[in-house]
Amino acid sequence: MTRSEIRFIRSLADKQARTAAGLFVAEGSKLIGEILASGWEVETLYSTRDPFGGPAEMERISMLKTSNDSLATVRIPVFKAPRTADASRLALALDGVRNPGNMGTIIRLADWFGIEDVYCSEDSADCFNPKVVQATMGAILRVRVHYLDLEALLALSAAASTPVYGTVLDGENIYSAPLTAGGIIVMGNEGKGISPACAAHLTHRLLIPPYPASRHGSESLNVAMAAAVVCAEFRRRAAGGRL
């Protein structure tokens, strides 16, 4: 492995470099095996099993605290972003979710609950950040993540009678509120919640209540935890109350 190769791979930790090259980094034989089976284009593959490579070289190019036995650079797929969401299917929208761990966990949740599209505001964490890719545990291969003008998408979707749900502190109890099988679920920024611009287009405002209702504990749930609760309740209702 040459110095220029090492320098290039390390540069892919930066979003601007990933965008310019059209590549992201994936690590670990399990994830890379899934990528190869998925049909996504692998540009380069490095492994300590290769007689010309070794653990020392892998440590120099790894983005993780503990390096894996293999690393690949993968071509970033291009998905056509829709103008409006499909009212018949459930989708997630992330408004300024910036923590890579939360982003990765939410993509993994989307995969678990059969949600194929996640719409993100431009200021959300990049789904091809190495930490996000690892946190998805392969779900990034099965969930389409779109970066777009989220406010415009929500406005057009609501105007087309697509339900737009959002979790807010003054919302209706999610366990008693009517829920549809399709629509968009908006999850907000870790500290500020849903932005006023996006909140203006919510057609349904939901609250995940504490237990008991009078309890005064944590101020709010982590956004990934909240997404898990909300997605589970939507799918439970769609299954007629059975999961």
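The values are calculated or read from the model by the stated rules, or taken from the named source; none is laboratory data. Quick caveat, the model's predicted, so the values are computed rather than measured. When we count neighbours, we look across all protein chains shown, and the Cβ atoms used for this are built from the backbone with ideal geometry, even at glycine. Ligands, DNA and RNA are excluded from the accessible area calculation, which covers all protein heavy atoms including side chains. Shrake-Rupley method; radii C 1.70, N 1.55, O 1.52, S 1.80 Å.
Give the share of C-alpha pairs in each 5 angstrom bin for the stretch 153-226, from 0 to the last occupied bin, in whole percents, shortest bins first.
3, 15, 26, 25, 18, 9, 3, 1
Sort all Cα-Cα distances of the stretch 69-172 into consecutive 10 angstrom bins from zero, then give the percent of pairs in each bin up to the one containing the longest distance.
Binned Cα distances yield the sequence 15, 45, 32, 7, 2, 0.
Express the accessible area of the chain per residue in Å², computed with a 1.4 Å probe while the remaining protein chains stay in the model. Could the numbers behind the result be given before it?
Working: 12600 Å² over 243 residues.
On a per-residue basis, 52 Å².
Given an 8 Å cut-off on Cα distances and at least 6 residues of separation, report the relative contact order of the chain as a percent. Please list the in-between numbers first.
Values: 444 pairs, mean separation 45.6, N = 243.
Relative contact order of the chain: 19 percent.
What list of ³J(HN,Hα) values in whole Hz, one per residue of the stretch 80-88 in order, does the Karplus curve 6.51 cos²θ - 1.76 cosθ + 1.60 (θ = phi - 60°) give from phi, with Gly and Pro shown as x?
6, 7, x, 7, 9, 7, 6, 5, 8
Taking every pair of Cα atoms in the stretch 108-164, average 1/r, invert it to obtain the Kirkwood radius, and report Rg/Rh to two decimals.
Numbers: Rg = 12.7 Å, Rh = 12.4 Å.
Rg divided by Rh gives 1.03.
Would you tally the net charge around residue 111, using a Cβ to Cβ cut-off of less than 14 Å, leaving residue 111 out, and scoring K and R as +1, D and E as -1?
On the way: positive: 108, 142, 144, 235; negative: 34, 116, 117.
Once all neighbours under 14 Å are counted, the net charge is +1.
Do you know the relative contact order of the stretch 159-225, to the nearest whole percent, from alpha carbon pairs under 8 angstrom that are 6+ apart?
On the way: 80 pairs, mean separation 29.5, N = 67.
About 44 percent, as a whole number.
Which whole-percent values make up P(r) of the chain when all C-alpha to C-alpha distances are grouped in 10 Å steps starting at zero?
With 10 Å bins starting at 0, P(r) equals 7, 30, 31, 19, 10, 3, 0.
With a ≥ b ≥ c taken as the square roots of the eigenvalues of the C-alpha gyration tensor of the stretch 192-237, please select rounded if a/c is under 1.5 and otherwise prolate if a/b is larger than b/c or oblate if it is not? Please list the in-between numbers first.
Working: a/c = 1.80, a/b = 1.23, b/c = 1.47.
Oblate shape, in that a/c is at least 1.5 and b/c is the bigger or equal ratio.
Rg and Dmax of the stretch 1-131 over Cα atoms: what are they, in angstrom?
Computed over the Cα atoms of the stretch 1-131, radius of gyration and Dmax are 16.2, 53 Å.
Which shape class applies to the stretch 139-195: rounded if a/c is under 1.5, otherwise prolate when a/b exceeds b/c and oblate if not, where a ≥ b ≥ c are the square roots of the Cα gyration tensor eigenvalues? Walk me through the intermediate numbers first.
Values: a/c = 1.39, a/b = 1.26, b/c = 1.10.
Verdict is rounded for the stretch 139-195.
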